[in-house]
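This report refers to the structure that appears directly beneath it.
The values are calculated or read from the model by the stated rules, or taken from the named source; none is laboratory data. The shown structure was predicted, so the numbers you read here are calculated from the model rather than taken from an experiment. Heads up, the Cβs are rebuilt from the backbone with ideal geometry, glycines too, and the neighbour counts pull from every protein chain shown. Each accessible area value is taken on the protein alone, full model and side chains, heavy atoms only, with ligands, DNA and RNA left out. Shrake-Rupley method; radii C 1.70, N 1.55, O 1.52, S 1.80 Å.
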Amino acid sequence: WSGFARGADLWVRGLAALRNGDLIAGGSFSAIGGRAAKRIARWDGSEWAPLGQGVTSTSGSTVRAIVETPTGDVIAGGEFLAMGGIAANHVARWDGANWSALGSGVSGGTSHVYALAALDNGDVIVGGLFTAAGGVAGTAAIARWDGASWSSIGGVGVSGRVYALAKLPGGDLVAGGWFASAGGTTAASIARWNGSTWSAFGGGIAGAVYAIAILPNGDLIAAGDFTMAGGAPAANIARWDGATWSALGAGTDLTIRALTVLPNGDVLAGGAFTLAGGVACNRVARWDGSAWSPIETGMDRDVYGLTTTGDGSVFAGGDFLVAGGRAASYVTKLETSCPAIVTSSGGCPSSGGNNLLVASAAPWIGSTLRTAASGLPQLAVTFAITGLAVQSLPLAALTPLAPPGCVLLVSTDAVEFVPTGNGAASWQLAVPNSVTFAGVVLRHQMVPSELDAFGNLVEVTATNALVLTIGAY
């Protein structure tokens with residue numbers, strides 16, 4: 001674990017990774033990274049910055065949940081009554097420049113927002129402890145905001161508290177918390193909404209669910225403070241495979257409050273525990289599918305938030321001051337000695353544009369390496385070239401249809417045809433989940449051959465070449 005040069009001055013309760021790789025942190029802090037930031041801030045990879053004025057209600061306010069919408073806006077929830085100087089009851093939207101309220105927010109008694117989820121259509125799901133959202137009936141503990149108004153999910157709400165929300169690969173919504181029913185359907189602390197009805201996950205969870213994570217194969221991990229899952233023993237963490245619950249080894253000795261999934265599918269859990277699978281793991285541990293292991297010496301205090309950004313970086317937030325034996329004030333980053341790295345060079349234009357090749361995600365063992373090319377000719381046959389060695393071969397040496405400056409920079413160990421449409425093409429490679437591949441360097445380039453309307457070859461060009469170093473945690 002590596003602490004930032006300056007962490008926060010008080011607890012970090014929620015973390016969210018944005019699609020561009022930035023990180024949003026929320027909590028009870030008033031400064032982070034040496035900059036004033038009231039309860040919420042953004043890390044861009046080099047420095048922290050506040051999101052406007054942040055929370056402007058009374059002291060004691062906390063941001064607990066954060067999510068990014070499909071349009072790039074940030075939704076924050078927690079215990080606050082004003083954000084950016086405007087009234088906002090426990091939930092607010094940041095559009096990159098200003099804060100705005102989601103109608104009249106949530107209310108009822110001592111209200112809290114603990115969880116947020118953004119649907120593909122832009123709607124926002126809010127979960128927590130409240131009796132109503134926007135004054136609408138049937139919105140106890142969970143409600144939907146469509147950008148203009150609040151509505152219920154299933155007509156009745158949840159009979160308790162919602163602490164966690166997650167989306168399954170097919171788009172269904174999962175709610176976890178401390179409740180006996182959802183939408184009037186019996187569901188012990190975890191339930192599924194398919195767009196029209198609620199359903200239970202087997203026998204549910206005998207206790208509270210504080211965190212949910214979805215594995216690459218679609219299985220679900222639920223964690224919190226419980227002893228049973230589906231009627232079988234499971235100490236604070238369990239896996240649902242679509243039909244049954246199963247324990248993750250011996251689980252943990254105390255509460256789990258946060259989960260995240262590494263690129264290779266391993267699970268990181270954070271919370272109040274000191275043992276995982278019987279092994280000393282101070283408040284953070286790793287499950288590799290068969291066994292638990294510690295991450296260095298862990299943290300000195302509880303972990304409340306974990307997230308993995310698009311480039312594979314892992315961040316943790318909580319009440320801790322030390323992580324891995326190093327000073328880390330409430331927020332830290334997991335470093336690796338074998339990072340995934342992507343660099344680029346070369347390339348030449350075509351009739352379609354710049355022939356730009358990018359990696360959709362950083363290359364990690366156990367993940368799927370994906371690349372995407374754009375700016376290709378509208379009508380073309382494209383080949384993906386992948387090799388272990390570098391070369392510098394002018395395409396003009398292979399064909400007179402290649403213009404000057406177009407160079408093949410990759411050894412031709414593997415040549416694959418990739419379909420091209422509307423000037424774009426994509427390629428993927430499953431990287432085995434083995435440390436043998438950690439540090440392996442692949443070189444990758446695409447060569448589009450433009451065709452005319454009669455199918456005749458017109459011009460051969462090349463994208464830039466990517467150098468992809470496979471990383472591992």
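Can you work out the FRET efficiency for the pair residue 453 and residue 71, with r the C-beta to C-beta distance and R0 = 22 Å, to the nearest 0.05? Could you put the intermediate results ahead of the total?
Working: r = 38 Å, r/R0 = 1.74.
Once the sixth-power term is evaluated, E becomes 0.05.
Accessible area per residue (1.4 Å probe, heavy atoms of protein chains only) ranks 338, 348 as 338, 348, with the largest value leading.
The residues of the stretch 1-136 have, on average, 37 Å² of accessible surface per residue, using a 1.4 Å probe with all protein chains present.
Multiplying the residue separation of residue 326 and residue 360 by 0.36 nm and removing their Cα-Cα distance gives an extension gain of 8.9 nm.
When each of the peptides 147-154, 136-143 is scored by the mean number of other C-beta atoms lying within 10 Å of its residues, the order from highest to lowest reads 136-143, 147-154. In the complete set of protein chains, residue-level accessible area for residue 185 is approximately 50 Å², probe 1.4 angstrom. The simple Förster model, with R0 at 56 Å and r as the Cβ-Cβ distance, assigns residue 254 and residue 392 a FRET efficiency of 0.45. Taking the 1.4 Å solvent-accessible surface of the stretch 231-336 as the whole, the part contributed by carbon and sulfur is 50%.
In the context of the full set of protein chains, the stretch 206-354 has a per residue accessible area of 37 Å² (1.4 Å probe).
Per residue, the average separation of C-alpha pairs within less than 8 Å and at least 6 apart gives the stretch 283-335 a relative contact order of 29 percent.
Solvent-accessible surface (1.4 Å probe) assigned to residue 90 amounts to roughly 20 Å².
Within the accessible area of the stretch 377-473, what % is carbon and sulfur when the probe is 1.4 Å and the other protein chains stay in place?
63 percent
Surface listing: 226, 454 arranged by accessible area from highest to lowest gives 454, 226, probe 1.4 Å.
To the nearest 10, the accessible area of residue 383 is 80 Å² with a 1.4 Å probe. Compared with the alpha-carbon gap, the fully stretched path from residue 81 to residue 206 is longer by 41.7 nm at 0.36 nm per residue.
For the pair residue 95 and residue 415, label points projected 7 Å from Cα toward Cβ lie 5.3 nm apart. Backbone N atoms of the stretch 400-428 closer than 11 Å to the 7 Å Cα→Cβ label point of residue 378 belong to residues 422-423.
Values of log10 I(q)/I(0) for the chain across q = 0.07 Å⁻¹ run -0.42, by the Debye formula with one identical scatterer at each alpha carbon and no solvent. Karplus-based coupling profile of the stretch 317-330, in residue order and whole Hz: x, x, 9, 6, 10, 9, 9, x, x, 10, 4, 7, 7, 6, with θ = phi - 60° in 6.51 cos²θ - 1.76 cosθ + 1.60 and x standing for Gly or Pro.
Extending 7 Å from the Cα toward the beta-carbon at both residue 422 and residue 197 defines two label points whose distance is 3.7 nm.
Overall, the chain carries a charge dipole of about 900 debye about its Cα centre when +1 sits on the Cβ of Lys and Arg and -1 on the Cβ of Asp and Glu, all other atoms neutral.
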